[in-house]
1. Anything over 27 Å Cα to Cα? Flag those among LYS48/LYS81; LYS49/LYS103; LYS49/LYS81, in the order listed.
2. Select from VAL55, VAL90, VAL24 the residue whose mean-square fluctuation is largest in a Gaussian network model of the chain (Cα-Cα springs shorter than 10 Å).
3. Can you give the relative contact order of the chain as a percent, counting alpha carbon pairs under 8 Å and 6+ residues apart?
4. Top mean-square fluctuation among ALA74, ALA53, ALA23, Gaussian network model of the chain, C-alpha springs under 10 Å?
5. If you consider only alpha-carbon coordinates, what radius of gyration and Dmax does the chain have, in Å?
6. Using a 1.4 angstrom probe, figure out how much accessible area the chain has per residue, in square angstrom, rounded to the nearest whole.
7. Keeping every protein chain in place, order TRP96, TRP28 by accessible area at 1.4 Å, biggest value first, i.e. largest first.
8. Among PRO105, ALA78, ALA120, whose Cα sits farthest toward the positive end of the charge dipole of region 38-122 (+1 at Cβ of Lys/Arg, -1 at Cβ of Asp/Glu, about the Cα centre)?
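The values are calculated or read from the model by the stated rules, or taken from the named source; none is laboratory data. Not measured: the values here are computed from a predicted model. We place every Cβ from the backbone using ideal geometry, glycine too, and count neighbours over all the protein chains shown. The area values use the complete protein model at the heavy-atom level, side chains included, leaving out ligands, DNA and RNA. Shrake-Rupley method; radii C 1.70, N 1.55, O 1.52, S 1.80 Å.
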Amino acid sequence: MEFKLPQLPAGTKPFCLGAVAGAVLLGWAGFDALGWKLNSAAEALANKKAEAAVVTAYASICREQFARGADFAARLAALDKVERYSRGDVVAKGGWATMTGGKEPRAGVAQECADLLVPAKT
């Protein structure tokens, strides 16, 4: 017994190639231009934004902790004399970037706090 595939209509091959090309084009346009995201990419982006929001909130608390005390002007002047890339280390060593109950400052908080205290000169 011999099995034969049925004959397809004459325009089937160009139609299938066009459908595949259209699907590829739609996928490319959706992910590239329209901002579609896979679940893993969306979760990674959300985690990154949440971490940035936490660092920003902690940095404002750090700035307030740094501003307390009578020698604020002297500490700020000393911080201004330090190189920009080292200011975060100075703030972290001073303990202003460490939140209550924490042993160490969260990554990025000290540098963000230093940037709030001594903004970059443009």
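1. Working: LYS48/LYS81 32 Å; LYS49/LYS103 24 Å; LYS49/LYS81 32 Å.
Pairs exceeding the cut-off: LYS48/LYS81; LYS49/LYS81.
2. Taking springs between Cα atoms under 10 Å, the residue moving most is VAL24.
3. Taking the mean separation of contacting Cα pairs over the length of the chain, I get 26 percent.
4. ALA23
5. Reported Rg and Dmax, both Å: 28.7, 100.
6. Computed with neighbouring chains in place, this is 77 Å² per residue.
7. Ranking TRP96, TRP28 by accessible area, largest first, yields TRP28, TRP96.
8. The one lying farthest along the dipole's positive direction is ALA78.
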